[in-house]
1. Consider B:Lys306 carefully, then state whether it is open to solvent by 40 Å² or more (accessible area, probe 1.4 Å), under 28 Å from A:Thr282 (Cα atoms) and not in a helix (DSSP H, G or I).
2. Of the residues A:Arg272, A:Arg281, which single one is within 11 Å of chain B (Cβ to nearest Cβ), under 30 Å from A:Met6 (Cβ atoms) and open to solvent by 40 Å² or more (accessible area, probe 1.4 Å)?
3. Scanning for something open to solvent by 10 Å² or more (accessible area, probe 1.4 Å), under 30 Å from B:Thr336 (Cβ atoms) and within 14 Å of another protein chain (Cβ to nearest Cβ), does region B:207-226 turn up at least one residue?
4. So which residues in region B:162-171 are open to solvent by 40 Å² or more (accessible area, probe 1.4 Å) and part of a helix (DSSP H, G or I), if there are any at all?
5. If you check A:Leu291, A:Leu297, which single one turns out to be open to solvent by less than 30 Å² (accessible area, probe 1.4 Å) and without any contact (Cβ under 8 Å) to a residue 40 or more places away in the chain?
6. For residues in region B:309-352 being hydrophobic (A, V, I, L, M, F, W, C) and assigned to a loop (DSSP other than H, G, I, E, B), which is surrounded by the most Cβ atoms within 10 Å (Cβ to Cβ)?
7. When only residues in region A:131-145 that are open to solvent by 10 Å² or more (accessible area, probe 1.4 Å) and of a type in the set (D, E, K, R) count, which is nearest to A:Val222 (Cα to Cα)?
Number of protein chains: 2
Amino acid sequence: MTIPRMTDHAGEWLRGAGPQSEIVISSRVRLARNLAGYSFINRADPPQQTEILERCRKQIMDGHLGDDVLWVSLTECPQVDCQLLVERHLISRQHAAANELPRAVAVDANETFSIMVNEEDHLRVQVLRSGLQLEEAFDQVNRLDDALEENLEYAFSKRFGYLTACPTNVGTGIRISVMLHLPALKLTGEIEKVRRAAHDMHLAVRGLFGEGSEAHGDLYQVSNQTTLGRGEREILGDFQHTVVPQIIAYEQQARQALVQHRSVQLDDKIWRAWAMLSHARTLGNEEILALLSHLRLGVNVGRIDKIGIRQINELFLITQPAHLQKIGGTPMDASTRREARATLVRQRLGVA
Amino acid sequence: MTIPRMTDHAGEWLRGAGPQSEIVISSRVRLARNLAGYSFINRADPPQQTEILERCRKQIMDGHLGDDVLWVSLTECPQVDCQLLVERHLISRQHAAANELPRAVAVDANETFSIMVNEEDHLRVQVLRSGLQLEEAFDQVNRLDDALEENLEYAFSKRFGYLTACPTNVGTGIRISVMLHLPALKLTGEIEKVRRAAHDMHLAVRGLFGEGSEAHGDLYQVSNQTTLGRGEREILGDFQHTVVPQIIAYEQQARQALVQHRSVQLDDKIWRAWAMLSHARTLGNEEILALLSHLRLGVNVGRIDKIGIRQINELFLITQPAHLQKIGGTPMDASTRREARATLVRQRLGVA
């Protein structure tokens with residue numbers, strides 16, 4: 001598996017299947033781990049950083065995690081490939097930023113997991129699954145964690161639990177998040193109520209690319225904020241059985257309200273989105289996310305059947321800047337990307 | 001001919017034919033006349049106003065101007081019908097405004113001429129023709145003027161010429177104007193240069209509905225400002241042979257520049273316009289004029305052939321508020337009109 005081949009398909013988590021996939025795009029469980037006997041990355045000197053990277057690489061790539069694991073050294077990776085990995089949610093924006101820190105990511109062939117080495121912590125192990133599959137993701141991340149721990153000793157305190165570079169991760173070191181598509185709550189203006197409710201439950205609501213990013217395409221990442229003093233299963237149970245079903249119910253109510261009481265305005269949004277996607281000759285990145293969001297809503301509420309959810313999910317991904325350039329096989333400035341984006345969409349919609 | 005039947009077709013001036021009709025929508029020549037021996041309308045008392053109206057009506061309707069002339073008393077006319085006449089450029093907005101002043105308009109079956117009685121002047125005689133046909137319009141308005149003068153004595157001063165309520169009309173009492181479609185000058189940002197040049201030549205540049213109106217749909221009315229001290233033929237010659245051809249040349253250059261150097265951006269505008277018109281479920285009045293403008297440009301520069309110019313011209317007219325309500329046969333609030341507008345357009349484009 002090479003990075004260029006990644007653009008041929010979307011990761012498992014984008015296939016648009018799995019429980020509640022009309023609203024829950026994906027479930028993610030991430031563990032933060034650090035090796036015992038080493039400083040945290042921001043305190044380690046370059047030789048130590050390299051040693052940590054090497055120890056992790058060996059353990060990750062020795063075959064225990066599967067045969068088809070790709071190792072990408074980010075210091076050697078072209079910028080567009082780093083960006084591609086960000087767009088695919090395999091690494092963080094911070095991990096992709098150009099710097100000298102020796103760091104890498106390991107990814108399996110289906111992109112169900114990725115392991116960032118020398119990001120904020122020595123190890124960030126994440127599992128991404130399609131739809132609402134937190135328990136499955138949790139089981140998988142635990143198996144990965146066990147396999148890594150066979151020959152790596154983690155920094156652990158009996159009093160605090162797993163030690164991490166940022167205090168918000170100390171304890172279980174777990175972060176659980178779901179990517180939700182909430183177009184109806186946005187259209188009805190109720191999204192702020194959901195944000196406030198989530199805030200009261202100590203949850204973070206973020207945009208498409210995590211911290212500090214905007215909720216383009218009406219895509220929201222909801223995640224737990226604290227990991228200290230609570231068990232993993234407790235955090236997970238909260239999410240799977242209380243938080244997410246509640247937000248899903250709100251979104252479904254908003255969708256029903258639109259269908260029943262504002263059907264013309266709803267159809268207007270949906271058909272305008274289809275019209276722009278199938279006719280525009282240039283499309284900006286934020287604009288296409290907004291259009292795809294309305295189209296996805298339209299398919300999910302049964303008002304349009306010209307395209308499937310999986311195709312729409314893929315379009316969310318492959319129309320992003322790095323993907324466009326990898327698919328086109330050439331670097332592109334913003335204006336060229338806008339044209340390439342519109343052309344690619346029309347091709348995928350079968351109207352070009 | 002009754003007002004309801006007007007919505008079946010557009011007037012002669014909107015048929016999209018005639019010289020230079022790619023850019024010149026229509027040519028208009030208007031005369032201002034007042035009867036000798038009466039005060040101007042704003043000074044006349046109600047009995048006088050009625051007497052003026054009656055004298056004019058008799059002369060207009062006695063058959064000299066043609067057999068199929070419609071007389072509409074605006075004090076008895078429902079508001080929506082008055083608005084319809086404004087949208088068809090048969091009366092001014094001022095003439096349509098609700099008030100007690102006895103006033104009327106006479107219109108021929110093809111809507112080549114309209115005669116407003118008791119607007120700002122006792123008589124406002126206008127001829128509207130498709131494309132650049134100022135001389136034809138002038139000849140026709142002169143014939144009408146002669147026919148009216150057979151039994152009406154006009155207020156005339158040897159020193160000043162025809163006397164009118166507003167000093168800007170004194171002299172020939174003539175106003176010459178063309179309705180121009182200038183989408184390329186708008187897109188390239190050069191329209192302000194044209195406005196300034198027109199201003200320097202003592203021309204007025206106004207929007208779709210004359211004084212104080214916006215240039216929605218990139219439609220501009222260019223007209224002469226002064227009528228005193230210059231002969232009719234001189235004013236007309238200026239317009240026909242200097243002013244209008246110059247603006248036409250500017251617009252054509254701008255169109256060529258778009259086609260040659262910004263073809264993707266141009267196609268983007270054109271196809272987005274087509275997409276919105278053929279898919280939207282609600283359309284605002286200003287939005288549709290902007291979309292029709294880009295579509296009209298697209299047809300004229302040969303980038304799209306899904307519709308003819310005459311159909312587009314008609315859509316400019318029949319999607320306006322009063323037309324929508326007459327066609328629908330019922331009063332409509334703004335929100336209902338937006339839906340009716342989108343439905344009507346899709347029907348006319350053959351996509352509904």
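The values are calculated or read from the model by the stated rules, or taken from the named source; none is laboratory data. In this text, all values refer to a predicted model and were calculated from it rather than measured experimentally. Quick reminder, even Gly has a Cβ in these numbers, built from the backbone with ideal geometry, and neighbours come from all protein chains shown. The accessibility values were calculated without ligands, DNA or RNA, using every heavy atom of the protein model including side chains. Shrake-Rupley method; radii C 1.70, N 1.55, O 1.52, S 1.80 Å.
1. On the way: open to solvent by 40 Å² or more (accessible area, probe 1.4 Å): yes; under 28 Å from A:Thr282 (Cα atoms): yes; not in a helix (DSSP H, G or I): yes.
Criteria met by B:Lys306.
2. On the way: A:Arg272 fails: under 30 Å from A:Met6 (Cβ atoms).
When all the criteria are applied, what remains is A:Arg281.
3. no
4. Passing the criteria: B:Pro167, B:Thr168.
5. Values: A:Leu297 fails: without any contact (Cβ under 8 Å) to a residue 40 or more places away in the chain.
So the residue among A:Leu291, A:Leu297 that is open to solvent by less than 30 Å² (accessible area, probe 1.4 Å) and without any contact (Cβ under 8 Å) to a residue 40 or more places away in the chain is A:Leu291.
6. Pass one, region B:309-352, residues hydrophobic (A, V, I, L, M, F, W, C): B:309, B:312, B:315-318, B:322, B:324, B:327, B:332, B:334, B:340, B:342, B:344-345, B:349, B:351-352.
Imposing the further condition that a residue be assigned to a loop (DSSP other than H, G, I, E, B) reduces the set to B:332, B:349, B:351-352.
On the way: B:Met332: 16, B:Leu349: 18, B:Val351: 12, B:Ala352: 11.
That would be B:Leu349.
7. It comes out as A:Glu135.
Table: residues versus (1) in contact (Cβ under 8 Å) with a residue 12 or more places away in the chain; (2) surrounded by 13 or more Cβ atoms within 10 Å (Cβ to Cβ).
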site: A:Ser39; (1), (2): no, yes
site: A:Pro46; (1), (2): yes, no
site: A:Gln49; (1), (2): yes, yes
site: A:Arg55; (1), (2): yes, yes
site: A:Gln59; (1), (2): yes, yes
site: A:Gly63; (1), (2): no, no
site: A:Trp71; (1), (2): yes, yes
site: A:Glu76; (1), (2): no, no
site: A:Val80; (1), (2): yes, yes
